[in-house]
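A short worksheet on the structure shown next.
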Amino acid sequence: MLSLLAEQLEAARDRLEPAVFDYYSAGSGQEVTVGEAEAAWGSFRLRPRVLHDVSTVDLNVELLGARVSSPFVVAPMAFHALAHPDGECETFAGAGRAGALGVLSTRSSRRIEEVAAAATAPWWFQAYGMRDRALTHALVRRAADAGAGAIVLTVDTPYVGRKGKVSGVRIAVPDDQFLVNLAQHLVPGTVAREAAEQDPSMTPDYIAELAEVSGLPVLVKGVLRGDEAVRCLDAGAAGVVVSNHGGRQLDRALPSALALADVVTAVAGRAPVLVDGGIRTGTDALLALALGADAVLVGRPLLWALAAGGAEAVAAALDALAEDLRHVLAVAGAARIAELDSSMVIRL
Ligand code: FNR
């Protein structure tokens, strides 16, 4: 982990309620998958190039039409107001300062429109297929109206993973955070937490349905197999995110670092492939990009930054990651992300 990120983690540990810190850190089951994510990036080694002009290094990327200054993307995460009073508004202001794309969670604790007003870089909206489909439709329409550039449909959560077997995490998210985006759409008398529960009957048809309702490209998040990625693309997905939900869904799911190559091969350039889970240094990102990812999402470190120092700390974390990537790209012999390829990586 980069030293700034480690400092922010310690500051967050000091500042956050222990129950909130545990909720953010937790994995599901016996926490095997969450524990393996970072180490899995460590199982690769680089084959550097030499005598290439790396006097300037360009980290710019374009993702589904969004031009951003680096391939680091803010992962969608629930309930930022547990970490900072301004919640996602602060996170997205920080991402904007760093020129980074952010993905806003369906479970955000600030209204979509408020976060959109605070965001100064492109942003996407993460959707769950909720039991009340009209609720999902209303949210993706609002996100589109507020300026989201894409929908990220998370598909690894037919039921919410059982967390905290190890750590005993129990946290009751207050209604004012849980309902902030939902309340206005609920028919009186509806039990909000039931209507907003994930719909376990969701199938690939839902991808085209959300694209139609929102008018936006739909990426599918939570794919760990090449054949499943192809199934999503065939159903109309505009991209996939290789992810095991930060080890919070199926425990003993394989690390995304080890799932990435299979997905990249199967997708075969048809659509962007993003990846997340345990990305903590520029080198982790370099490996992901060389293995064929188009961008990398960063999760927990940005919650730690938010708790440690609000928007400024979020921007500092993203800037530090980008700066580290710039450095290792140069030392590995690449002046642009497009110069990376899988010949630069071997698995130990
Ligand atoms: C998440 N994640 C997540 N994903 C999603 O699609 N919708 C969500 O609402 C959430 N909520 C959420 C809350 C918290 C506290 C965490 C830690 C994670 C998963 C997230 O987008 C991402 O896949 C992982 O967090 C990436 O792994 P790292 O960087 O945290 O290791």
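Here are the numbers:
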{"read-out": "Within the range 232-257, considering residues that are more than 12 Å from the ligand (Cβ to nearest atom) and buried (at least 18 other Cβ atoms within 10 Å of the Cβ), the one nearest to ARG300 (Cα to Cα)", "value": "ASP251"}
{"read-out": "Failed item in (1) surrounded by 17 or more Cβ atoms within 10 Å (Cβ to Cβ); (2) touching a Leu at 6+ places or on another chain (Cβ under 7 Å); (3) modelled with pLDDT under 90; (4) not β-branched (Val, Ile, Thr), with ALA192 passing the rest", "value": "(1)"}
{"read-out": "Lone unmet requirement of (1) in contact (Cβ under 8 Å) with a residue 60 or more places away in the chain; (2) surrounded by fewer than 14 Cβ atoms within 10 Å (Cβ to Cβ) for SER25", "value": "(2)"}
{"read-out": "Top-ranked residue of the range 146-164 - restricted to ones that are at pLDDT 95 or above and in a strand (DSSP E or B), ranked as surrounded by the most Cβ atoms within 10 Å (Cβ to Cβ)", "value": "VAL152"}
{"read-out": "Failed item in (1) closer than 17 Å to THR283 by Cα; (2) more than 13 Å from the ligand (Cβ to nearest atom); (3) outside any helix (DSSP H, G or I); (4) under 22 Å from the mean Cα position of the chain (by Cα), with VAL54 passing the rest", "value": "(4)"}
{"read-out": "Some residue of the range 182-202 being in a loop (DSSP other than H, G, I, E, B) and under 24 Å from VAL273 (Cβ atoms)", "value": "yes"}
{"read-out": "Subset of the range 1-18 [surrounded by 13 or more Cβ atoms within 10 Å (Cβ to Cβ) and more than 22 Å from ALA285 (Cβ to Cβ)]", "value": "ALA11, ARG13, ARG15, LEU16"}
{"read-out": "Test: PHE79 is of a type outside the set (Val, Ile, Thr) and within 30 Å of ARG170 (Cβ to Cβ)", "value": "yes"}
{"read-out": "Residues within the range 20-45 that are more than 20 Å from LEU274 (Cα to Cα) and assigned to a strand (DSSP E or B), tallied", "value": "2"}
{"read-out": "Qualifying residue in the range 86-109 (condition: surrounded by fewer than 19 Cβ atoms within 10 Å (Cβ to Cβ), of a type outside the set (Asp, Glu) and either at pLDDT below 95 or in contact with a Leu (Cβ under 7 Å, 6 or more places away or on another chain) (or both))", "value": "no"}
{"read-out": "Residue check, THR120 in contact with a helix residue (DSSP H, G or I) (Cβ under 7 Å, 6 or more places away or on another chain), among the hydroxyl-bearing types (Ser, Thr, Tyr) and assigned to a helix (DSSP H, G or I)", "value": "no"}
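The values are calculated or read from the model by the stated rules, or taken from the named source; none is laboratory data. If you're wondering where the values come from, they're calculated on a predicted model, not measured in any experiment. Glycine also receives a Cβ, built like all others from the backbone with ideal geometry; neighbour counts cover every protein chain displayed.
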